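> Would you mind keeping the following structure in view while I ask a few things?
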Amino acid sequence: MTKVGKDGVCIILPVLNEINNIVPLLDGIRQELTGILHTVCLIDDGSTDGTVEKIQEIMATNEHSLYLIQRRKSSYGSQRGSALRVGMEWGLQHTSHSIFVEMDGDLSHRPEDLKVGIRLIEFEEYDIAIASKYIPGSKVVNRPLGRNLVSFISSMAVGCVISFKIKDYSNGYRFYTRYAASVLTQYHWKYGSPIYLTEILAIWLRNGLRIVEFPFVYVGRNEGLSKLRIIDLVKAAIAVFEIGWRYHVIGFAKKTVELSTQTKVIS
């Protein structure tokens, strides 16, 4: 059984222009994980609003256990998936933490829900725990009804193509074991865009890992329908069918050289 008290938690946090959210988010994480060994790995994709400078300022105080990775986006659109892979591989190589957590940097994922997900991994022995918007007990606030409906229909459609074992394929608040992380390093990820959320779940499902969803409070952040583009929805639909083909038929391509999982504890 995983013991958080011994090995701790690696939080992977992609950020992009989050100057107004980064301080309360990091303070919330520290408060919720008081007494639990943890490291926050922040991956910045080229913030221009002072987010990086604020993070470096916080790091200089030594009040948080932070590590910052700076990147420059090389393609259009969100590259959250590729950022998360960078953070996950860093956590495997440079920490001995036994639980990994992915969350957004805009406060849509509340630090108050951290212990719920961690508990499911530590004591219930699940490999992956997903904060789900679509199970009883969940609550979505500050999000337009239209956007919520599009998200719900999309997740149902993905379930039809992949598996109905998962209700919420689109939420990125996820908790998983070190073993689940190491499984992912064995495979090529085709998508760096948000569709990676579906791709990763499909890899875990095909490998037979134990996945559970739990209710939480999702806080919407600037998610109006005007931000949705038809071309993006079409691309996502095509990608889902491509992932479904690999999941059900041909399998996922493995890397020829696997990432070393030798660890190094950070001081």
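The values are calculated or read from the model by the stated rules, or taken from the named source; none is laboratory data. Just so we're clear, the structure is a prediction, and the values are computed from it rather than from any experiment. Here the Cβ positions follow ideal geometry from the backbone for every residue, glycine too, while neighbour counts run over all protein chains shown. All accessible areas refer to the heavy atoms of the entire protein, side chains included, with ligands and DNA or RNA removed. Shrake-Rupley method; radii C 1.70, N 1.55, O 1.52, S 1.80 Å.
> Cβ-Cβ distance below 7 Å, separation of 6 or more or different chains: which pairs start in the stretch 132-144 with a residue that is surrounded by fewer than 13 Cβ atoms within 10 Å (Cβ to Cβ) and end on one that is not hydrophobic (A, V, I, L, M, F, W, C)?
PRO136/PRO215; GLY137/PRO215; VAL141/GLY220; ASN142/GLY220
> Follow-up question, since we're still on this one. Residues of the stretch 241-256 being part of a loop (DSSP other than H, G, I, E, B) and open to solvent by less than 40 Å² (accessible area, probe 1.4 Å), which ones? So that I can check it myself, show each step before the final result.
Let us first name the residues in the stretch 241-256 that are part of a loop (DSSP other than H, G, I, E, B), namely 251-253, 255-256.
Within the stretch 241-256, GLY251, PHE252 qualify.
> Here is a list: GLU112, GLU102, GLU124. Which entry is at pLDDT 95 or above, under 22 Å from SER182 (Cα atoms) and of a type in the set (D, E, K, R)?
Details: GLU112 fails: under 22 Å from SER182 (Cα atoms); GLU124 fails: at pLDDT 95 or above.
Just one listed residue meets the conditions, GLU102.
> While we're here: Please state which one of LEU197, LEU201, LEU209 is open to solvent by less than 60 Å² (accessible area, probe 1.4 Å), modelled with pLDDT of 90 or more and in a loop (DSSP other than H, G, I, E, B). It would help to see each step written out before you state the result.
Values: LEU197 fails: in a loop (DSSP other than H, G, I, E, B); LEU201 fails: in a loop (DSSP other than H, G, I, E, B).
Going through LEU197, LEU201, LEU209 in turn, the sole match is LEU209.
> Condition first: modelled with pLDDT of 95 or more and among the polar types (S, T, N, Q). Can you find one or more residues in the stretch 213-234 that meet it?
There is no residue in the stretch 213-234 that is modelled with pLDDT of 95 or more and among the polar types (S, T, N, Q).
> Further question: Check SER108, SER138, SER182, SER193 and return the single one that is out of contact with any Asp or Glu (no Cβ under 7 Å at 6 or more places or on another chain) and farther than 21 Å from MET88 by Cβ. Lay out the reasoning, then the answer.
On the way: SER108 fails: farther than 21 Å from MET88 by Cβ; SER182 fails: farther than 21 Å from MET88 by Cβ; SER193 fails: farther than 21 Å from MET88 by Cβ.
The unique qualifying residue is SER138.
> So which residues in the stretch 93-135 are among the hydroxyl-bearing types (Ser, Thr, Tyr) and touching a Lys or Arg at 6+ places or on another chain (Cβ under 6 Å)? Break it down stepwise before answering.
Within the stretch 93-135, the first condition is being among the hydroxyl-bearing types (Ser, Thr, Tyr), and the residues that meet it are 95-96, 98, 108, 126, 132, 134.
SER98, SER108, TYR126, SER132, TYR134, listed by residue number.
> Just one of PHE152, PHE214 is in contact with a Phe, Trp or Tyr (Cβ under 7 Å, 6 or more places away or on another chain) and surrounded by fewer than 21 Cβ atoms within 10 Å (Cβ to Cβ); which is it? Quick ask: steps written out before the conclusion?
On the way: PHE214 fails: in contact with a Phe, Trp or Tyr (Cβ under 7 Å, 6 or more places away or on another chain).
On inspection, the qualifying residue turns out to be PHE152.
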